[in-house]
Each structure stands twice: as C-alpha cells, then as structure tokens.
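The values are calculated or read from the model by the stated rules, or taken from the named source; none is laboratory data. Keep in mind that what you see is a predicted model, and the values were worked out from it rather than measured. Because the Cβ atoms are built from the backbone with ideal geometry, glycine has one as well, and the counts that use them run over all protein chains shown. Calculation scope for accessible area: heavy atoms of the full protein, side chains included, ligands and nucleic acids excluded. Shrake-Rupley method; radii C 1.70, N 1.55, O 1.52, S 1.80 Å.
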Amino acid sequence: MEYINNELCLGPLKKPLAPLCANYMRPIYVYDLDFVTQRFQAMAKALKGVRLFYAMKANPNAEVLQRLKTLGSGADVVSLGEIKRALESGFSVQDIVYSGVGKTVHEINEALRLGIYQINVESLPELERIGKLALEAGKKAQVALRLNPDVDIKTHPYIATGLKDNKFGMELSLIPDLKKCLKNYSASIELVGISLHLGSQMLEFTGYQEALQKLKPVFKDLQKEFATLKRFDFGGGLGIFYDRLDLELEESLLQEYAKITLDTLSDLDCELQSEPGRWLLGHCGVLITQVQYIKKTSAKTFVIVDAGMNHLIRPSLYEADHMILPLGKSLENMKADIVGPICESSDFFAKDRSLGSVKEGDFVAVMDSGAYGYSMASVYNLQELPLEICI
Ligand code: LLP
C-alpha cells in the first residue's frame, strides 16, 4: 500500500484504487490477486515441504480460490457450503480438509459420499457418529484427530481455540477413549492424521512451540498402534499487523514460525500440513467506502461512511485496529471517529483516529480487510452486501 501521484495503490504492482470508484454504488471489497500469489509463494517457500490448505473461511471469493488452487493450495473447509464452493472453484475432494466442531449427519454423509481427503474430528461423539455413518454407507472415513493441548497463544479471547476452556479439539486425556473408538470402528475409520489449531492472529510463538512439543509424543504413541497415521496438521493462525504495514517484520515472523515448526517436527515420520487463512489474504484486500457526512458534536467529529459493522465486523467484534486511508492523499489531518450507518454505537471502524482531511463524497479504504471481511458480512439493517472486485 502506498500513494503514487497522491493516489492510494494496492499490492506489489501498486494498482491504483480510485478508478474502481468510477461507477460507485455501494461499498466494495477489492482483492489484489497478484498480492495473493506473492503471499502464497512466500509462505510455501518458508514452509518448504508442507502442504498448505487455505482456510477458506477467511475469504471464499471464487476468484481468490481459483488463484490459490492454481498455485497448488488445498482448502480447509468448515461446512458443506464451503465444500461446495471449493469444488465449484476447481478444488478436488483430494484437496480438502474438513474441520469444525458441529458437523451434522447430513454434512458427514456428504463428506463420506464425496470421499473428502481428511476429516478433522473434534469430539468423541463426532468420531462415533462418523464411524457409524461410514459403516452404514460402506465407506472408510479418512480421519485426523484435532487435539487441544491447552496452551495460550496470547490472542483475543474470541479467536483463541487451544485452551481447555475452548470448545475446539480434544483433550489429551481423551486419547485412551479415542483409541478404543478407533479400534471399534476399524472397518469404517482410518486414522490418517492428528491436527491442531490454537487460534488466530498469533504474533508470538511460545505457546505454539509448547503445543507442538506436547503433541509430538502423542503422535509417536498413536503411530505405534495405528500404522496408517501419516499426517501432522499444525493448523493456521499466523498473524499480521493491522496498525502498520511492515512486510519485512512479518516476513521475519514467518521465518521464525517456519523454523520452530520444521525444527520441532523434523524427527516425526509424517507429512506436514498447515491451514493458513489470514496471513495469505489479510493484506490483499481493502474495503472502499464513501464519506457521507462530517458530523461535529460538542464532543467529537464523526466521519460517517456508507459501510458499517455489517460489512466489516472486525473492529466492533475484536477491537481490531485497521488503518483507514483516503484514496486521495491529503496533507492535512483531522481527528475523528469513523463510523457507519448502522443503528448501534458498536458500529465504528476507528475511534479518535487521525485521518487525512476528508469531505463528503470522498472515498476511504479500510486497509487489510482481505481476510474475515466479506466472509463475515451480513445484511443487518437490511443493508445490501458489499460488492467484490478482484484486480
Ligand atoms: N484452521 C482452523 C480449524 C480454523 O478454525 C481457522 C480459523 C484457521 C485454520 C485459519 O486461521 P488463520 O490462519 O486465518 O488465523 N474472524 C476472526 C478469525 C477467526 C478464525 C477462525 N478460525 C478474525 O477476523 O480475526
């Protein structure tokens, strides 16, 4: 992101954003596919030998998916809807890892019918359900056990998933019961992997390393009894910076993450898999919105834009600190709350933020909105969904 001739540009090829607003009708998510390519290739290089399954919940846009498929990515999905979108976008069933704590009977039956590459199981009752349904269907489910190592990765509580208070994964004390169940259903379940995912927006790796170390002996122990166990899926979660653009520091965090992962797991006899989402897409998208009013009160200045928390919920939900930049560079500064049209005081993008001086009709970009932006959008207040454009 940088200004060229006072115009805000996106991505490695510095594509100007203003021309996209020529026929502006409502807020637009813009994704730069060359940037996606660059991010994927950087991660694939750092995590050499690891099979990447893009966590498509971050951004299930079909063109984004097609680009990632072309680059060699698989897809990490969490619903039948995502399975369908992945297949429509060119992924094969052999490219799909299916996670999620709440898989319904219908979803599992469909996954079995399709022959999904790997189902990440999150509870004992789910394992039993899969065993039973696969038996009835005469199928052999390819299953990974998602384990919960109870570690803290120091992220926002709403996106932490690897603590014992979280609904995700299975406690290590459950292993004997899991083994028993796997043996009961040996005709219909094949244990192919173990998986973990500790949460999202991870920017330091002490808890992550601790988790890998906890799970290694578990993997080895399971492998002695289940010769089919051959994959270690270490999840996603690598974070990005929202309050600044520092791709060099992010690259060094990526290197640190890769080194910890590869060094810690190098002596396991298995294939390695990962499920990155945010790191691949976060920086590659922006939300463009138009200033409607500048409203001054005795307490504050509000810049009221036409996008709201329904279009990008991250600031309201996780207090995420996205940069907001005018599409046309401005030399002056003003301090304001940038808010949307939704009828709630939680509808804000930033508070007391220094922003280039903007006026009615100007466009601003909410930066780093390529992940968990459109995918979490809603029609609250019967606002229309934003548009999406890939460049
Ligand atoms: N694998 C599993 C099983 C997951 O649940 C997730 C994300 C990922 C991989 C990808 O994690 P990532 O690499 O993107 O951190 N809406 C929140 C983030 C929720 C993440 C949910 N799970 C946000 O906007 O910050």
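List of remarks:
- Any strands (runs of 3 or more DSSP E) falling wholly within segment 296-385 and containing at least 2 residues that are modelled with pLDDT under 95: 333-339, 348-356
- Qualifying residues in segment 96-120 (those that are within 21 Å of residue 375 (Cα to Cα) and open to solvent by less than 40 Å² (accessible area, probe 1.4 Å)) - the one nearest to the ligand (Cβ to nearest atom): 99
- The set of residues in segment 121-145 that are surrounded by fewer than 22 Cβ atoms within 10 Å (Cβ to Cβ) and part of a helix (DSSP H, G or I) comprises 124, 125, 126, 128, 129, 131, 132, 133, 135, 136, 137.
- Some residue of segment 181-193 being of a type in the set (Gly, Ala, Ser), in a helix (DSSP H, G or I), open to solvent by 50 Å² or more (accessible area, probe 1.4 Å) and over 18 Å from residue 231 (Cβ atoms): no
- Answer residue from segment 213-244, given it is within 21 Å of residue 370 (Cβ to Cβ) and touching an Asp or Glu at 6+ places or on another chain (Cβ under 8 Å) and is most open to solvent (accessible area, probe 1.4 Å) among those: 243
- Unmet requirement for residue 171, which otherwise passes all of (1) under 20 Å from residue 230 (Cα atoms); (2) open to solvent by 50 Å² or more (accessible area, probe 1.4 Å): (1)
- Residues that are within 13 Å of the ligand (Cβ to nearest atom) and either within 21 Å of residue 10 (Cβ to Cβ) or out of contact with any helix residue (DSSP H, G or I) (no Cβ under 8 Å at 6 or more places or on another chain) (or both) within segment 254-272 comprise just one, 254.
- Cross-chain or 6+ apart pairs with Cβ under 6 Å, segment 74-92 first and in a helix (DSSP H, G or I), then at pLDDT 95 or above and surrounded by 15 or more Cβ atoms within 10 Å (Cβ to Cβ): 80/107; 80/110; 82/56; 83/77; 85/60; 86/75; 86/77; 86/96
- Strands (runs of 3 or more DSSP E) completely within segment 1-42 that count 3 or more residues being in contact with a strand residue (DSSP E or B) (Cβ under 6 Å, 6 or more places away or on another chain): 7-10, 28-31
- Going through (1) of a type in the set (Phe, Trp, Tyr); (2) within 16 Å of the ligand (Cβ to nearest atom); (3) assigned to a helix (DSSP H, G or I) one by one, residue 242 falls short only on (3).
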